[in-house]
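Following: one structure in structure tokens, then a few remarks.
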Amino acid sequence: MKKVVIALDLGTTGNRAMAFDKNAGIASGSYYEFPQIHPNPAWVEQNPYDILNSAVKALKETVEKCGSCEITSMGITNQRETVILWNKKTGEPVYNAIVWQCRRTAKACEDLSQYSNIVKEKTGLFLDPYFSATKIKWVIDNVKGVKGLIDRGELAFGTIDSWILWNLTGGKIHATDASNASRTLLYNINTLKYDPELLGIFNIPESILPEVCDSNRNFGYTDGQILGKSIPITGILGDQQASLFAHGGFETGVIKNTYGTGLFVMTGTGNKIYNADKLVTTIAWKLDNLPYYALEGSIFTGAGVMRYLKDNFNFINSAEESSDASKSLDSNGGVYFVPALTGLGAPFWDPDARGLIIGLTGAATKGHIVRAALESLAYQTKDVILEFKNSFKKDLDLSAYKLRVDGKASDNEFLMQFQSDILNMTVEKTAFTEMTAFGIAGLSAITTGFWTTGQFYNLKKIEKVYNPKMDDKTRNGYYGRWQKAVLKSFKWA
């Protein structure tokens with residue numbers, strides 16, 4: 001009987017399930033998008049049932065398509081920092097999911113700014129609306145009846161992994177893993193526990209929080225009534241950590257970037273915590289009680305800017321079209337697009353920055369704007385990678401590093417070549433774009449013995465290598481103008 005392992009990849013705009021066989025072939029898969037809700041400018045919400053129903057539908061279809069295959073296990077990977085609170089008795093959410101992109105708590109973060117250093121020292125994170133704690137606090141303070149649920153011990157909080165795990169196990173398991181817990185502003189990455197001082201700062205009761213487990217734990221079994229099968233869930237990782245795991249994040253000299261709705265640039269730092277002034281220090285994963293750390297630059301608007309141009313202005317119909325339009329131009333014509341649609345993340349951390357297009361002349365065309373939007377992904381990535389050098393506090397020879405890429409936009413040939421050019425680095429694109437799903441499938445499969453660690457990494461194939469072709473004068477000119485443009489977006493709101 002053919003054996004498979006399933007990855008459930010819970011993304012920001014859609015949920016995907018994939019079944020991998022022993023050779024990493026895709027035995028089956030399914031994907032469903034769900035709507036985004038924008039009640040106010042820079043607010044982003046999702047209906048928790050849209051998330052749950054699309055996840056279950058994708059999972060059911062994937063299981064059904066597997067037919068007689070033996071499903072050895074499944075793993076869950078998820079959009080991080082997004083907050084859901086629900087009634088433990090009824091399972092009903094008390095409010096919509098507040099998404100990682102949402103900036104509604106910017107003022108709350110300002111009001112707590114005196115604690116910024118404490119937060120950074122204990123969590124590795126910035127006191128920013130991006131992370132979970134102020135979102136949780138907002139729900140507690142603003143949604144009627146929530147404080148009563150807390151008093152009665154009936155309220156549960158979870159990031160998306162916890163919400164889905166709770167539901168897939170029929171309400172039996174309220175848990176998360178260390179990689180997701182490390183994104184909440186409540187988990188001390190030094191002690192590997194929820195921190196009482198942090199809970200006090202945000203006024204959040206520990207009783208509502210999920211149990212924090214190793215990333216490679218057996219978290220329980222899917223309820224047979226939901227999927228028709230009882231499947232062990234043997235791995236949970238935040239989506240960017242899962243991608244790093246798939247790219248070989250244990251290796252030195254590896255930087256990975258996922259070109260998704262946002263951009264997430266990450267490099268592993270082993271068992272050492274680096275204090276980074278402008279980057280996030282995070283737990284990559286915790287395996288068999290041993291934590292592995294990483295530095296990360298989280299960029300809020302990445303490939304999502306192309307969707308923005310498509311949906312709002314009809315500038316393009318597809319990613320392929322954007323690549324062709326950009327290739328047809330000899331240069332960017334001096335046009336720059338700073339996609340600060342929900343503020344700027346790393347390395348600027350300005351929630352009040354707003355998007356701008358600058359450098360327009362009578363000669364500028366729609367194509368120049370499309371190209372500027374694509375180029376912005378590469379510039380923002382360089383902003384973060386240069387910060388890696390500062391954080392390591394020694395010369396980091398980028399020529400000795402490789403950037404390994406995934407996400408839908410990594411299929412864009414213009415973008416990948418421009419990324420290599422502007423960084424003056426080699427860029428490796430894997431044959432398999434969905435490395436987040438592959439990463440969590442790998443962790444789950446290694447946990448059960450479906451694959452050994454060596455077998456898993458031998459399955460990864462590089463499809464294309466991009467090497468820099470741009471001369472230094474052109475590279476410096478492009479990037480210098482980007483730096484001027486991005487400064488003009490600061491503090492606009």
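Read the figures in this text as sums done on the coordinates, not as results from a lab. No experiment lies behind these values; they were computed from the predicted model shown. We place every Cβ from the backbone using ideal geometry, glycine too, and count neighbours over all the protein chains shown.
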field: For a label point 7 Å along the Cα-to-beta-carbon line of residue 203, residues of the stretch 129-143 with backbone N under 12 Å
entry: 137-142
task: Would you mind calculating the relative contact order of the chain from Cα pairs under 8 angstrom and at least 6 residues apart, reporting the percent as a whole number?
output: 14 percent
- request: Compute the distance in nm between two label points, each set 7 Å from the Cα along the Cα-to-Cβ direction, one at residue 471 and one at residue 488.
  value: 2.7 nm
- request: Give a residue-ordered list of calculated ³J(HN,Hα) values for the stretch 466-478 (Karplus: 6.51 cos²θ - 1.76 cosθ + 1.60, θ = phi - 60°; whole Hz; x for Gly, Pro).
  value: 10, 10, x, 10, 7, 7, 4, 4, 5, 4, 5, x, 4
- request: Per DSSP H run of at least 4 residues, take -39500 (n - 2.57); add these up for the chain, divide by its residues and hand me the 222 nm value, nearest 500 deg cm²/dmol.
  value: -10500 deg cm²/dmol
query: Between residue 358 and residue 172, what FRET efficiency follows from the Cβ-Cβ distance if R0 is 45 Å, with the result rounded to 0.05?
result: 0.25
query: In the stretch 418-468, what trypsin sites (Lys or Arg not before Pro) fall in a loop by DSSP, with at most 13 other Cβ atoms inside 10 Å?
result: 461
- prompt: Residues with amide H under 5 Å of residue 341's amide H, sequence separation 5 or more or different chain, H placed in the peptide plane at 1.01 Å from N; which?
  reply: 355
The stretch 3-238 - Rg and Dmax from Cα coordinates, angstrom: 17.8, 58
message: Can you tell me, using C-alpha contacts under 8 Å and at least 6 residues apart, the relative contact order of the stretch 213-257 as a whole percent?
response: 29 percent
task: Only loop residues by DSSP count here, and only those with at most 12 other Cβ atoms within 10 Å; note down the trypsin sites (Lys or Arg not before Pro) in the stretch 263-363 that meet that.
output: 272
Reach of residue 229 by Cα under 12 Å, taken over aspartates and glutamates that are not fewer than 8 positions away in the same chain: 64, 70
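How long is the gain from residue 314 to residue 92 if the chain were fully straight, where each residue apart is worth 0.36 nm and the alpha carbon distance is subtracted?
Result: 76.1 nm gained on full extension.
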message: Quick check on the stretch 3-238: of the DSSP beta bridges with both residues there, what percent are antiparallel, nearest 5%?
response: 60 percent
From phi via Karplus (6.51, -1.76, 1.60), per-residue ³J(HN,Hα) for the stretch 306-314 in Hz, x at Gly/Pro: 6, 5, 4, 5, 6, 6, 8, 10, 6
- request: Once you have a ≥ b ≥ c as the square roots of the Cα gyration tensor eigenvalues for the stretch 126-216, tell me rounded if a/c is under 1.5, and otherwise prolate or oblate according to whether a/b is larger than b/c.
  value: oblate
- request: Search the structure for amide H atoms under 5 Å from the amide H of residue 269, placed 1.01 Å from N in the peptide plane, and list their residues when 5 or more places away or on another chain.
  value: 293, 294, 295
message: Can you tell me what share of the DSSP beta bridges in the chain is antiparallel? A percent to the nearest 5 is fine.
response: 65 percent
Two-site label geometry, residue 193 and residue 321: point separation in nm, points 7 Å out along Cα→Cβ: 5.6 nm
- request: Let me know the shape class of the stretch 162-290, please: from the alpha-carbon gyration tensor, a ≥ b ≥ c as square roots of the eigenvalues, rounded when a/c is under 1.5, otherwise prolate if a/b is greater than b/c, or oblate.
  value: oblate
- line: Taking Cα pairs closer than 8 Å and at least 6 residues apart, the relative contact order of the stretch 3-238 in percent is 20 percent
message: Quick query: amide H of residue 464 versus all other amide H atoms, modeled in the peptide plane; which residues come in under 5 Å with a sequence gap of 5 or more or a different chain?
response: 429
- prompt: Looking at the square roots a ≥ b ≥ c of the eigenvalues of the Cα gyration tensor of the stretch 230-301, which shape do they give, rounded for a/c under 1.5, prolate if a/b is larger than b/c, or oblate?
  reply: oblate
message: Can you give me the C-alpha center-to-center distance between the stretch 87-109 and the stretch 451-493, rounded to a whole angstrom?
response: 33 Å
